[in-house]
Amino acid sequence: MILKRLTILNYRNIADAQLEFSPKINCLIGQNGEGKTNVLDAIFFLSFTKSTASSVDSANVKHGEEMMMVQGIYDLNDAEEEINIGMKLHQKKTVKRNKKAYKKLSEHIGLLPLIMVSPNDSDLINGGSEERRRLMDLVISQYDTEYLTTLAAYNKALQQRNSMLKAEEEPNPDIISVYEEMMAMYGEKIYVKRKAFVEEFIPLFQTFYTEISGGNETVGLKYTSHCERGALLDVIQRDRAKDRIMGYSLHGIHKDDLEMTLDGFPIKREGSQGQNKTYLISLKLAQFDFLSRTGSKTTPLLLLDDIFDKLDSSRVENIVNLVSRSTFGQIFITDTNRENMDKLLERCNGDFKIFMVKEGVISCS
């Protein structure tokens, strides 16, 4: 898959941009806060219909403006695809494929597979389990068309059960049992998909970490779930009285987690900044490799935002060698340091473009 052209209008700090991209490497250079990350975010928005920076769509509209629009022209499996997302303040966004609006946004997810590496990924290590579940959900939903529908059904049953648990009146046992049965049915389907994904994903992740680190450390990843304790319905129902006291559901796949380790210990406690960064980049490159083999059978876009920060020269060198391989397709990369970009381009004898970004204005160097 290739993103050939990107048009941005009033998206975050970018007032107007029309960009023609290289099919291989596209470098965006500028100081922090100038808008280079917003270009990557606009590309991410076209794949997932949401921003990496905010869950509120109106926050993406440039200050002082009433509307925004992002359009991408793609070469996808030898066919041209036009994706357009626009919105006006106080109105819902519209997402169109080849000028036809989607009935459900979930129909779009997976069409344009994409992996983004950014400084915000540190939340995967330092944040709560929700961040790590989102990692699994984001990858699986790009190759399994039923996954998001199943997850939405589980979350709806969970929300309804929680509402009954919070209510002043005692829950009707027949009704709450129905929601619990729905949680168990959908939850066990999600567990099977997450477990299969993680088992196949771990060796890919470990291989990338070894290549970047030079084999200096050993990393691990373990999926944990309440489904491992037996039939999920039994697990949910056995603590209903306690859940009633707490006012929410203590058990279910909404509590799943990924244990991240370095040399057998939690990386959150043991890892240096460089080791943490290596861990996160390895996770994302493994996701890229995984999606390349599954889903739409097309090479995902790879977005690398400020990845060289906090890494020593040998790890930077190893990353440059990795992403310059032919197995990686179209790459978008940002940095404040032109020298890092030049090192990457020296190894990539193919096509590339360099863009300079300053105060939301983008020019081709």
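Can you tell me how many residues within the range 244-268 are acidic (D, E) and at pLDDT below 95?
Matching residues across the range 244-268 total 1.
What are the residues in the range 171-184 that are touching a helix residue (DSSP H, G or I) at 6+ places or on another chain (Cβ under 8 Å) and surrounded by fewer than 17 Cβ atoms within 10 Å (Cβ to Cβ), if any?
Within the range 171-184, the first condition is being touching a helix residue (DSSP H, G or I) at 6+ places or on another chain (Cβ under 8 Å), and the residues that meet it are 171-172, 175-177, 179-184.
Selection gives N172, I175, S177, E181.
In the set L233, L250, L165, which member is over 21 Å from the mean Cα position of the chain (by Cα), in a loop (DSSP other than H, G, I, E, B) and among the aliphatic types (A, V, I, L, M)?
None of the others qualify; the one that does is L250.
Given the structure, is T327 modelled with pLDDT under 90, surrounded by fewer than 16 Cβ atoms within 10 Å (Cβ to Cβ), polar (S, T, N, Q) and not in a strand (DSSP E or B)?
yes
Confirm whether F332 is assigned by TED's automatic domain parsing to the domain that holds V357, touching a residue at least 40 places away in the same chain (Cβ under 8 Å) and part of a loop (DSSP other than H, G, I, E, B).
Criteria not met by F332.
Any chance the range 51-69 includes a residue that's in contact with a Phe, Trp or Tyr (Cβ under 7 Å, 6 or more places away or on another chain), under 22 Å from T299 (Cα atoms) and either in contact (Cβ under 8 Å) with a residue 40 or more places away in the chain or assigned by TED's automatic domain parsing to the domain that holds D257 (or both)?
yes
Do we have any residue at all in the range 85-107 that's under 30 Å from G187 (Cβ atoms), under 17 Å from the mean Cα position of the chain (by Cα) and in a loop (DSSP other than H, G, I, E, B)?
no
Would you check which residues across the range 197-256 are touching a Phe, Trp or Tyr at 6+ places or on another chain (Cβ under 8 Å) and within 16 Å of L280 (Cα to Cα) and list them?
V198, F201, L204, Y209, E217, V219, L221
The values are calculated or read from the model by the stated rules, or taken from the named source; none is laboratory data. Note that the coordinates shown come from a computational prediction; the quantities given were computed from them, not determined experimentally. As a convention, Cβ positions derive from the backbone with ideal geometry for all residues, glycine included, and neighbour counts pool all protein chains shown.
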